[in-house]
Amino acid sequence: MTFYVASLALELIWMLSSPTGPSRYKVGTMAEKFDCHYCRDPLQGKKYVEKDGHHCCLKCFDKFCANTCVECRKPIGADSKEVHYKNRYWHDTCFRCAKCLHPLANETFMSKDNKILCNKCTTKEDSPKCKGCFKPIVAGDQNVEYKGIVWHKDCFTCSNCKQVIGSGSFFPKGEDFYCMTCHESKFAKHCVKCNKAITSGGITYQDQPWHAECFVCVTCSKKLAGQRFTAVEDQYYCVDCYKNFVAKKCAGCKNPITGFGKGSSVVAYEGQSWHDYCFHCKKCSMNLANKRFVFHQEQVYCPDCAKKL
């Protein structure tokens, strides 16, 4: 049985600008003899950008590699400071409030309909409403979001104990949300061996739930999930331990009778057991499984050979 566990990340609605240009580019002055990957001009002694293992001059970087600013539609050069939010990019000087044009590169902001707004220009109508308290979530508020629903961090609480879940793990159940402790006590199945809640990775055998790490061979403690095993009087054995310590020995070949593979059928008589392929006449070796036989002095004979004894 698998339970869905989600972990919410707090989203401080702010943006960081990079003082040295985009972090995935290496900018420097070339000391070796390399040519620009695009225009093939020599780079030695010139400023260059390294991107994806290739070296290029600043002009070619701006033309072929740089991100385009959402506001001014110009490339964000290697020497520029770049701000990014949800796969959109700006020059730091272009990242401004859509209403009052106040710079926001190092401040909290609100995004609405793909527009960036500062705190002062964000109205209650612009702000999303908290599912818990129904009050606006304004720029700078710590909040959590799940499937399009938003809460203040302190309003996202367990439906049972009312404790703040915040950025912790939780279990959705219909329209309710439970912390791990409450979900375990109310809904989780409990392992028949250790009696602890099964939160993930459980298995079921004969309608009984187990932790995978609890369903093991009673002799060697090998995990049995996904493996062949044998149950004997509510004890579980792996194939090797069953053969070595539990299985009856064939009266014919003296090897264990496991019920696995060849010889899965067993002949039992007078307290002894045989693989079906080992149950044959002592004298003529005729296989006697599912046939008439004579048992004489702890040996098996076909009727014809028995007459000659």
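For segment 249-270, does any single residue satisfy the condition of being within 30 Å of Q208 (Cβ to Cβ), modelled with pLDDT of 85 or more, outside any loop (DSSP other than H, G, I, E, B) and over 48 Å from the mean Cα position of the chain (by Cα)?
yes
How do the pairs read when you match residues in segment 171-196 that are within 14 Å of T157 (Cβ to Cβ) with residues anywhere that are among the hydrophobic types (A, V, I, L, M, F, W, C) and surrounded by fewer than 12 Cβ atoms within 10 Å (Cβ to Cβ), using Cβ under 9 Å and keeping only pairs 6 or more apart or on different chains?
Going by the 9 Å Cβ cut-off, the qualifying pairs are F171/A6; P172/A6.
On the given criteria, is K162 basic (K, R) and in contact (Cβ under 8 Å) with a residue 12 or more places away in the chain?
no
Exactly one condition in (1) surrounded by fewer than 19 Cβ atoms within 10 Å (Cβ to Cβ); (2) among the β-branched types (V, I, T); (3) over 29 Å from C118 (Cα atoms) is false for V138; which is it?
Single failed check for V138: (3).
Name the single residue, out of those in segment 272-309 being within 27 Å of T258 (Cβ to Cβ), in a loop (DSSP other than H, G, I, E, B) and aliphatic (A, V, I, L, M), that is modelled with the highest pLDDT.
Going through the qualifying residues, I end up with M286.
Do any residues in segment 57-69 that are more than 25 Å from Y85 (Cβ to Cβ) have Cβ atoms under 7 Å from those of residues that are in a loop (DSSP other than H, G, I, E, B) and among the hydroxyl-bearing types (S, T, Y), where the two are at least six apart or on different chains, and which pairs are they?
Going by the 7 Å Cβ cut-off, the qualifying pairs are C60/Y38.
Conditions: (1) out of contact with any helix residue (DSSP H, G or I) (no Cβ under 7 Å at 6 or more places or on another chain); (2) surrounded by 13 or more Cβ atoms within 10 Å (Cβ to Cβ). S200 meets all but one. Number of the miss?
So the condition that S200 fails would be (2).
Tell me which of these F177 doesn't satisfy, since it passes every other one: (1) more than 21 Å from K131 (Cβ to Cβ); (2) crowded, with 18+ Cβ neighbours inside 10 Å.
Answer for F177: the failing condition is (1).
With K147, K162 as the choices, which residue is surrounded by fewer than 19 Cβ atoms within 10 Å (Cβ to Cβ) and closer than 30 Å to D113 by Cβ?
K147
Can you confirm whether segment 51-60 contains a residue that is within 30 Å of E175 (Cβ to Cβ) and surrounded by fewer than 17 Cβ atoms within 10 Å (Cβ to Cβ)?
no
Do we find a residue being at pLDDT below 90, touching a helix residue (DSSP H, G or I) at 6+ places or on another chain (Cβ under 9 Å) and at positive phi anywhere in segment 171-193?
Looking through segment 171-193, none of the residues is at pLDDT below 90, touching a helix residue (DSSP H, G or I) at 6+ places or on another chain (Cβ under 9 Å) and at positive phi.
The values are calculated or read from the model by the stated rules, or taken from the named source; none is laboratory data. Because the structure is predicted, anything quoted here is derived from the model rather than measured. Ideal geometry is used to build each Cβ from the backbone, glycine not excepted, and the neighbour counts take in all protein chains shown.
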